[in-house]
Amino acid sequence: MANDAAVLVDALDNLLREIVDGPPDDWAFILNAGDPGLVKQLEMIDAHTASQPSPSGRSTIAAHVDHVWYSIHLLNRWSDGEANPWATADWEASWQHREVTPVQWTELREKLQRECQAWRKHVKSRESWEPIEASATLASMGHLAYHLGAIRQILHSVTGKAKPSP
């Protein structure tokens, strides 16, 4: 059973790394080979573009990033021992950071990267898995991948490109 848990942990870590940092050269399960992943994708977007609303006017890339940061931050608080950080979560507030200056955009991207790294560390160091931990980890991957896709849709709608060149 311990070997099964180690295989699960490695698989979860690999998939989180793929979504956040892009797939390694030798495989890709969720993204396409050569895809930059969430963090590098965001580095290629400037603050002005990140602040542009989607054609529907509902959201900006910056708002998606702030929302994703918040969700991963809550997971890290939970993994650090807080019993239920979702009890006081303000999901509406996580969508309010719609416009960013260049400095704010850099800070927001860096905060997201730090939280993603911390979440991967929590996943990688977990020694036992209950259904809630496994579900939260799998859900985080779906959530990250969903928002990466949404960010790319907004990016395409405001720039005409799904992936800007570095």
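Hey, what did the chain get for relative contact order, percent, Cα under 8 Å, at least 6 apart?
Dividing the mean separation by the residue count of the chain yields 30 percent.
Taking all protein chains as present, what is the carbon and sulfur share of the accessible area of the range 60-166, in % to the nearest whole number, probe 1.4 Å?
Details: 3080 of 5770 Å².
The computed percentage sits at 54.
Cα to Cα, under 14 Å, and not fewer than 8 places away if on the same chain: which aspartates and glutamates meet these conditions relative to K111?
Correct list for K111: E43, D66.
Considering every pair of different Cα atoms, what Kirkwood radius, in Å, is found for the range 52-166?
About 15.3 Å, per the Kirkwood formula over Cα pairs.
When the helix-only estimate is applied to the chain (DSSP H runs of n ≥ 4, each -39,500 (n - 2.57), divided by the residue count), what is the mean residue ellipticity at 222 nm, nearest 500 deg cm²/dmol?
About -21000 deg cm²/dmol.
In debye, nearest 20, what is the charge dipole magnitude of the chain about its Cα centre with +1 on Lys and Arg Cβ and -1 on Asp and Glu Cβ, if you could check?
480
Apply the Debye scattering formula to the range 1-116, with a single equal point scatterer on each alpha-carbon and no solvent, then give log10 I(q)/I(0) at q = 0.10 Å⁻¹.
Taking Cα atoms of the range 1-116 as identical point scatterers yields -0.38.
Taking the 0 to 90 degree range and rounding to the nearest ten, how far is the long axis of helix 131-159 tilted relative to the main principal axis of the chain, both from C-alpha atoms?
20
With contacts defined as alpha carbon pairs under 8 Å and 6 or more residues apart, what's the relative contact order of the range 51-131 in percent?
39
Could you calculate the FRET efficiency of Q153 with N14 from 1/(1 + (r/R0)^6), where r is the beta carbon distance between them and R0 is 25 Å, rounded to 0.05?
E between Q153 and N14, to the nearest 0.05, is 0.45.
If each residue of separation counts as 0.36 nm, what is the full-extension length gain between E133 and A87 once their alpha-carbon separation is subtracted?
That works out to 14.9 nm of additional length.
Would you calculate the separation in nanometres between label points at F29 and V103, each defined as 7 Å from the Cα along the Cα-to-beta-carbon direction?
4.2
Go through P131, T88, L42 and say which Cα lies farthest out towards the positive end of the charge dipole of the range 1-132; charges sit on Cβ, +1 for Lys and Arg, -1 for Asp and Glu.
The one lying farthest along the dipole's positive direction is T88.
Would you please classify the overall shape of the range 91-138 from the alpha carbon gyration tensor, given that a ≥ b ≥ c denote the square roots of the eigenvalues, rounded means a/c under 1.5, and beyond that prolate means a/b larger than b/c while oblate covers the rest?
oblate
The values are calculated or read from the model by the stated rules, or taken from the named source; none is laboratory data. The model shown is predicted, which means the values in this text are computed figures rather than measured ones. We place every Cβ from the backbone using ideal geometry, glycine too, and count neighbours over all the protein chains shown. Quick note on the areas: whole protein, heavy atoms, side chains included, nothing else; ligands and nucleic acids left out. Shrake-Rupley method; radii C 1.70, N 1.55, O 1.52, S 1.80 Å.
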